[in-house]
2 protein chains.
Amino acid sequence: MAQAQKEFSVVGKRIPRIDGYERVTGQAQYTGDIQLPGMLYARVLRSSVPHAKIVSIDTSKADKLPGVKAVVHHQNAQIPWSSGGHTHRRFIFNNPVRYVGDAVAAVAATDRHIAEEALALIEVKYEKLPHVLDPNDALKPDAPKIGPDGNLSVGKGAFSAPIEEAWGNLESGFKEAERVFEDTYITKHVNNAQLERRVTVAKWDAGKLTVYASTQGVSNARTDIAKDFGLPLSRVRVVCKYMGGGFGNKNQAQDYDYMTAVLAKVCGQPVKLEFTREDDYIGMHGRWSSEQHYKIGVKKDGTITAVSLDAVTNMGAYRKQSGNLSGTDFYNIPNFKKSIKPVHTNTVVAANYRAPAYPQSVFGFASFLDQIAFELGVNPLDMFTRNRAQKYKTKIPFTSNHVEECIVEGAKRIAWSEKWHQPGASAGAKKHGIGMALGGYPFRPGLGAATIRVNSDGTAHVLVGVTDIGTGAKTTMAIIAAEALGIALNQIQLTNGDTDVTPYSVGESGSRTTPFTGPAVIAAAEDVRRQIFALAAGQLKVKPDELDLRNGEVFVKANPSQKIPLSRAVARAGELIGRATTNQSFKDMEGKSFAAHFAEVEVDTWTGHVKITRYVAAHDSGTIINPLAAESQIKGGVVQGIGMAFSEELLIDRLTAIPVNPNYRDAKVPTHLETPEVEVLFIEHYDSYGPFGGKVVGEPPITAAVATVANAIFNATGRRFKELPITPDKIVRAVRV
Amino acid sequence: MAQAQKEFSVVGKRIPRIDGYERVTGQAQYTGDIQLPGMLYARVLRSSVPHAKIVSIDTSKADKLPGVKAVVHHQNAQIPWSSGGHTHRRFIFNNPVRYVGDAVAAVAATDRHIAEEALALIEVKYEKLPHVLDPNDALKPDAPKIGPDGNLSVGKGAFSAPIEEAWGNLESGFKEAERVFEDTYITKHVNNAQLERRVTVAKWDAGKLTVYASTQGVSNARTDIAKDFGLPLSRVRVVCKYMGGGFGNKNQAQDYDYMTAVLAKVCGQPVKLEFTREDDYIGMHGRWSSEQHYKIGVKKDGTITAVSLDAVTNMGAYRKQSGNLSGTDFYNIPNFKKSIKPVHTNTVVAANYRAPAYPQSVFGFASFLDQIAFELGVNPLDMFTRNRAQKYKTKIPFTSNHVEECIVEGAKRIAWSEKWHQPGASAGAKKHGIGMALGGYPFRPGLGAATIRVNSDGTAHVLVGVTDIGTGAKTTMAIIAAEALGIALNQIQLTNGDTDVTPYSVGESGSRTTPFTGPAVIAAAEDVRRQIFALAAGQLKVKPDELDLRNGEVFVKANPSQKIPLSRAVARAGELIGRATTNQSFKDMEGKSFAAHFAEVEVDTWTGHVKITRYVAAHDSGTIINPLAAESQIKGGVVQGIGMAFSEELLIDRLTAIPVNPNYRDAKVPTHLETPEVEVLFIEHYDSYGPFGGKVVGEPPITAAVATVANAIFNATGRRFKELPITPDKIVRAVRV
């Protein structure tokens, strides 16, 4: 339902994290801080070969090591892992192993060092199978088969392959075109690289399992773990109170939570499984790499008439998520066809990473558009403005769309008209350039749930299932509750992330927290307000619907001085409780947050070093619930995009298939030195379908950043980089040509 | 509202504790098990003199002891203690000190031993004041004044004194009488003696206080602590997950929780305050002792025409609760007057202990009625039956009253008509006798709150604020939820006792848990059932009100084979939440559970030892929600009554005012050797005003037990014991006379 725009009391203020104190003082209990009596420590042994049958596992030496409580592997714990959606049957330990990093065994021991020592004592005999690392090779008929259906993994529904989509008439679109361009863009596997490594603590009490997990969705994790153990949902408790990031690495990925629970069951003691940074890089997943072949038809003024995209994405040994590419979404493409092949190779798994299907193909498509603009002699600003999406897939209206204002205001802020020059026209060894790209992310409402208890003194407790993965979701939910209830933020106490006590949450991924759970918080507040008004009506001698509640006071709308404190209304009831399960949706509409990013760079042609001298990110995310947190989100997303653009890549040794740089330093995650100051512009317009007019903030910033800096480098150097990362050596080589 | 009687699915079955596994395996985390990083240990220094001004406290030696973090006392922490209801201003440390045991100082240190060592290093100089130990002495005009208003402490409302009540016309009642009897009965101070000693852990995070307390009411504790610190309720969290008993010792007694929080604040670290058993006996409270003077007018057939009761009760140095005596409640007394004086003395505080105002005066009044029956030549069975209360205060109807059936069935079970003989007529050195008495406890509904979340698989989570003080309240609430929802008990997971996440609860004392929170659980179930039916109606193509839910299936009432599993109804919603705040009451009615107890004893006239050879407890508590737990309650209450009857007494040295036996062994808490097998008869009748027809179970059993065994001893020996405890030496002396 459309909502009227409102004046806000709390929403829109710059609010520091409500749990900031706990976080900065070390009081916050992250999963890694959980210590339980009798707790064991677990470590995982990983395959050292890319594809092999395990002929034998000899754990006798490990078993004898004092302190070792259990060694589990495919022979004694061949437990199917049903969760997370897979195209073929997967176990927590697989035989054959399918990549260097596949879990072979796990050890639980009385301390970490013994567990690690035990891993080294396990003797595994492999019978090597032929392997394939390159996705194009993997599609050849004689390629080693990784999945039961081969390497183009064909699952059902969201997991079907290839992923195909089309509208309009491609042929007539290309006929209509005055110029047709074709080219290929390549992106690499980058790791989510969240600060907090994966860690799980599992504990059994009678028939009940408690899992403390670093998870982007306690409800999802519970559902999956319950399913795998055949337990009712009420007998599995998943708790995540504080979290040091996930970026998609920790959703729909309960395999290791499950492994920990299996170990705890085998040992009859609580078990903590901790990943090393290397485990995080090779044992979990990163962003799928891609090879994108575009054919684009345009009019001479740059207007797109047709686009075809044929791509392969490398999903690694197992397919956990779609492998799609969606960077064309932000443009008006009258005739369109794409075919994406998510391919299996004997490499590290690829799956969700912030805006999973976007930065790869925004890089490819927006780089290519920028290139076509150059070829046509059109200013990129005009090219992007002209081709911006005005309706979804050319015809479905957006709930709100202010991308044009993002472009206009962003261009103004970075002084596009003064700064832009012909590509390569910058003189000297240090070349300056400017670039831009569009981005965004779908805004979709859905299932949410919340309860709110109003105490007898008018303060309140909010319960939501959301985990705060680092985004400030707790603060956002508290702000929404304070606004919806009509009390001050500091009167709100919020509990989250514990399936025993907090309501269902969809999972904190895909920028769903605010649009899914936000409306539930509002509805729970409305439920308790109704009860408050029913009580206060008697005290104020009016009808309940004549009342409103703001600033902790219940008052007669027609005569605001006729009022009582909220506490007086509630006191006699002891406490009032509001609850809501909501499932908002809109029909014949599409929701989307939009962004236009602009970067100015200085390229040192001698060293190949790129300095981002200015970065402007203009975002249409509807109402900004908390500008302080939203700005941080934008900045973080841009920094991740910069890492992907310039330096990050998980390198696999071609001979051994061993990942050679699975850590922050060697995989080159950007540091403060590589990070520009990001100027954030919020183009705020109330979206009638979002909670308090808000759309989504989390994913959009990363989508545009890679292409933006790549286009700025083109403007500076006149050289087009079609393969990520754009490392100094590539720049030096290209500029010297 | 009256409810129709129902067929039950879960209610009425013998259900083991839902948390039994955790309790017996040591997994249950009691307050004493809480360990927090950086936690300090606190100990309390208590006054060694009964009444004195503290001239000086020298803590310099204690301060210097390595490991000591804080020493607080009245000079540096004279913090008013406002909670718990007092007739005069009390601080957490008082000057003057008013009894041996009054808190003088508290120490927080890095370990327990250092804290204890530090106590010994504190040098306190007292200027002794005159003191008084006997309540009759304390009422004399020249007695040392303990409270500001003297020793008959006069507070407001429930704390006014003397406590006076009257109806009918006493004078004409005594005129109407054919015989008038007067006598005095005396009971002593006995400690609640719950297994778990008082323990509190307090922790501050920014402006928020978390208190893990062994408390009979997390909501009450929160309210009191928040008030004392001037904090909003949302900034205080009180948690109690498991508890080893309280019996009233741990309700409305947040003084030491508060002291712990003060220490934690001063130290900036979490603090755990642990009581020794001695602390529990002298630092907290026991049952008020009493001296009851009755004047009773009767017809020759035993019918009571008038009763007057003048009594003093010894409240010790501070008055925390009423000090009332209510044992006459179970009888039909047409003309009545009582005047109870709760008196201050320089002794250990007396306050609530299971059925606070009852066992003392049930002993006095039922002993005296038994005596009068003897004097009149009336069989006690007739005496009690004839004078049983049929209406409350002779005129207000009870919601249900089956005391007569209790008497009839209990008498039948113990074979009263065969076993009863003239008092003292038992031959030989070991004399047999039989006795009875009536008891019970008010059943009052009131404020309750609950939420129930139904998961997508049809299992459910119940959240209630109640602490399970040992009664099995968690199990009771889960049973009520399962019955009300229509699912199996093992599908329910219950969370309790945490003010951040669980709804308000009145406090688990006064047998209020089931009648207060039970209806809220039922109403929350109804709230979620409405939502389930709304969803299922579409699926089953009927109207919501045509549906019912039982055994986890939603079905059409008119055609039960037309059905879907609950999970299917809920799945699309993700989860459904029910909530309720209820405040049931009834008008012009009185609720009461009733009991008739019967005991058969063998008195060894040589040793004075009494062996209870048979004990029958017949109870009218309405529907019995869980017979297994209810039977345990009855047995436990009887055992406590036996302790009070035969052995327990906190002895105060007359010269020094020092309690000389503040521990289990010396205060003679009964062991298994003193404990008979108790045969429990539930006279089950649906009470239309209780949850599922249930009344109350917790307090009733202790009320009748003391008088029952005393009357059996009279029947065996022909000797009337008018002062508790009836110790072997008293028996031997009396029988020899």
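Values in this text are rule-based calculations from the coordinates and carry no lab data. Quick caveat: nothing in here was measured; it's all calculated off a predicted structure. Glycine also receives a Cβ, built like all others from the backbone with ideal geometry; neighbour counts cover every protein chain displayed.
Details
- Legend: helices of chain A (whole DSSP H runs) are marked when their alpha-carbon atoms reach 20 angstrom or more along the helix axis and their mean Kyte-Doolittle hydropathy is at least 0.0; marked are A:359-376, A:518-540, A:627-646, A:700-717.
- Placing a label point 7 Å from Cα along the Cα-to-Cβ direction at A:Lys125 gives distances to the equivalent points in the other copies of 8.8 nm, listed shortest first.
- Computed E for A:Asp301/A:Glu165 - FRET, C-beta separation, R0 35 angstrom, nearest 0.05: 0.85
- Listed residue pairs exceeding 31 Å between alpha carbons, taken from B:Lys208/B:Lys250; B:Lys419/B:Lys474; A:Lys145/A:Lys587: B:Lys419/B:Lys474; A:Lys145/A:Lys587
- B:Leu651 paired with A:Leu628, simple spin-label distance in nm, labels 7 Å along Cα-to-beta-carbon: 6.5 nm
- DSSP beta bridge pairing in region B:240-352, given as percent antiparallel to the nearest 5: 50 percent
- Chain B: relative contact order in percent, alpha carbon pairs under 8 Å with at least 6 residues between: 17 percent
- Label spacing, shortest first and in nm, from B:Leu655 to its equivalents in the remaining copies (7 angstrom along Cα→Cβ): 9.7
- Calculated label separations, A:His113, copies of the chain, 7 Å along the beta-carbon direction, nm: 2.7
- Under 16 Å from the A:Asp142 label point (7 Å along Cα→beta-carbon), backbone N, region A:634-659: none
- The sum of -39500 (n - 2.57) across all DSSP H runs of n ≥ 4, divided by the residue count of chain A, sets its helix-only mean residue ellipticity at 222 nm to -8000 deg cm²/dmol.
- For A:Lys557 and A:Lys393, a Förster radius of 41 Å and the Cβ-Cβ distance give a FRET efficiency of 0.40, rounded to the nearest 0.05.
- Antiparallel %, DSSP beta bridges [both residues in chain B], to 5: 80 percent
- Per residue of B:447-458, other chain Cβ atoms within 10 Å of the residue Cβ number 5 on average.
- Between region A:93-112 and region A:551-610, the alpha-carbon center distance in angstrom: 44 Å
- Of interest is the spacing of the C-alpha centroids, which for region A:362-423 and region A:31-49 amounts to 49 Å.
- Longest exposed-site-free window of chain B, the sites being GluC sites (Glu not before Pro) in a DSSP loop that have at most 13 other C-beta atoms within 10 Å: B:179-676
- Nearest-0.05 FRET efficiency for B:Arg572 and B:Lys13, computed from C-beta distance (R0 45 Å): 0.85
- Estimated inter-spin distance, B:Arg550 and A:Phe586, nm [label 7 Å along Cα→Cβ]: 4.7 nm
- Span from the region A:246-276 Cα centroid across to the region A:115-136 one, whole angstrom: 21 Å
- Computed label-point distance, nm, for sites B:Glu116 and B:Glu178 using a 7 Å Cα→Cβ extension: 6.5 nm
- Considering only beta bridges that DSSP places wholly inside region B:184-275, some 70 percent are antiparallel.
- Neighbour counts of C-beta atoms inside 10 Å place A:Trp204, B:Trp167 in the sequence B:Trp167, A:Trp204, starting with the fewest.
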